Amino acid sequence: MPELPEVETVKRTLNQLVKGKTIDRVSVHLARIIQRPDDIDQFAWMLAGHTIEGVERRGKFLRILLDGLVLVSHLRMEGRYGVYQSSDPVEKHTHVIFHFTDGTELRYKDVRQFGTMHLFQPGEEFQLPPLSKLGLEPLDSAFTLERFKETLKGKKTKIKAVLLNQAYIVGIGNIYVDESLFRAGIHPEQPADTLTDGQLKALHQAIVATLAESVEVGGSSIKSYVNGQGEMGMFQHQLKIYGRQNQPCVNCGTAVEKTVVGGRGTHFCPSCQTLKS
């Protein structure tokens, strides 16, 4: 958390709030957030004087595009951005502040301190970690059924573990994998290479529809997620399986079960999502 819909929402919000602003200086209060370059003074020096031209997304990563630089930011578990006036009190756990020439600030706050920032020359970011080994974008036009089938072909791993692997498909975290598998009627432990053509088609459609619907309502606010304006997402009110352990299935009334797949808590309906041999 946050997953693709939440990062997409943050991207859209930041485009409204910081596009066109020029960085006067940068303050870094937690050095380990800055991964590239590995010197925080150099990081701040490189960014000073640059203007934000837009914000894009790759998987769960934000790409903050500047005139001559690209800042790749991963929010990890609880990272968040917010825009403030320079006179506003700085909240606890604020680790990086981008001071703009107009007196406003973009602040990065991260209670868990797992977030990262990498600075690149334009285009370089796709050739090096962390973006260089990412898989298909599920909301991109290139995410066709054929590409999806090719990605899953020959993989004997449980389907949930495959979908969580960012090297295959990006951005679908725990919440949206559970929701997509439920919508498609597929057991999370079903080996990927045993899925029929019909199941693959249903799952492909379920992934796209689930993510698109979540983006429309600003993502899911579970734990601490808010967008760049401090607003919560609303998709958690539409969740049909995730977090519903022991509650009746919305389709058949059977009690929802919870197990662990790929090290992640996993919700499924034993009647609607049967494990086939």
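The values are calculated or read from the model by the stated rules, or taken from the named source; none is laboratory data. This is a predicted model, so every value here is computed, not measured. Cβ placement follows ideal geometry from the backbone for every residue including glycine, while neighbour counts extend to all protein chains displayed.
Structure values in brief
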read-out	value
Flag for Val70 being in contact with a Phe, Trp or Tyr (Cβ under 6 Å, 6 or more places away or on another chain), farther than 17 Å from Arg107 by Cα and β-branched (Val, Ile, Thr)	yes
Residue selected from region 179-208 under the condition among the hydrophobic types (A, V, I, L, M, F, W, C) and in a loop (DSSP other than H, G, I, E, B), by the criterion nearest to Cys252 (Cα to Cα)	Ile186
Filter result (modelled with pLDDT under 95 and either in contact with a Cys (Cβ under 9 Å, 6 or more places away or on another chain) or in a helix (DSSP H, G or I) (or both)) within region 168-178	Asn174, Ile175, Tyr176
Verdict on Pro122 being loosely packed, with under 15 Cβ neighbours inside 10 Å and either under 19 Å from Val7 (Cβ atoms) or not assigned by TED's automatic domain parsing to the domain that holds Asp197 (or both)	yes
Residue within region 96-113 that is buried (at least 19 other Cβ atoms within 10 Å of the Cβ) and closer than 30 Å to Thr266 by Cα present	yes
Counted residues, region 242-257 - those being among the small types (Gly, Ala, Ser) and either under 28 Å from the mean Cα position of the chain (by Cα) or assigned to a loop (DSSP other than H, G, I, E, B) (or both)	2
Filter result (crowded, with 22+ Cβ neighbours inside 10 Å and not in a strand (DSSP E or B)) within region 69-81	Leu75
Residue count, region 226-265 (criterion: touching a helix residue (DSSP H, G or I) at 6+ places or on another chain (Cβ under 8 Å), at pLDDT 95 or above and surrounded by fewer than 16 Cβ atoms within 10 Å (Cβ to Cβ))	1
Top-ranked residue in region 58-68 [being touching a residue at least 60 places away in the same chain (Cβ under 8 Å) and outside any loop (DSSP other than H, G, I, E, B); ranked as nearest to the chain's Cα centre (by Cα)]	Phe61
Any hit, region 19-28, residues being surrounded by fewer than 22 Cβ atoms within 10 Å (Cβ to Cβ) and assigned to a helix (DSSP H, G or I)	no
Of all residues making up region 44-88, the number that are of a type in the set (Lys, Arg) and at positive phi	1
Residues of region 164-209 that turn out to be among the hydroxyl-bearing types (Ser, Thr, Tyr) and surrounded by fewer than 16 Cβ atoms within 10 Å (Cβ to Cβ), as a count	2
Single residue of region 209-219 satisfying the filter (touching a residue at least 60 places away in the same chain (Cβ under 8 Å) and in a loop (DSSP other than H, G, I, E, B)) that is farthest from Glu3 (Cα to Cα)	Gly218
Test: residue in region 42-50 that is surrounded by 15 or more Cβ atoms within 10 Å (Cβ to Cβ), over 19 Å from the mean Cα position of the chain (by Cα) and assigned to a strand (DSSP E or B)	no
Failed condition for Pro37, given (1) under 24 Å from Gly171 (Cβ atoms); (2) of a type outside the set (Ser, Thr, Tyr); (3) surrounded by fewer than 16 Cβ atoms within 10 Å (Cβ to Cβ)	(1)
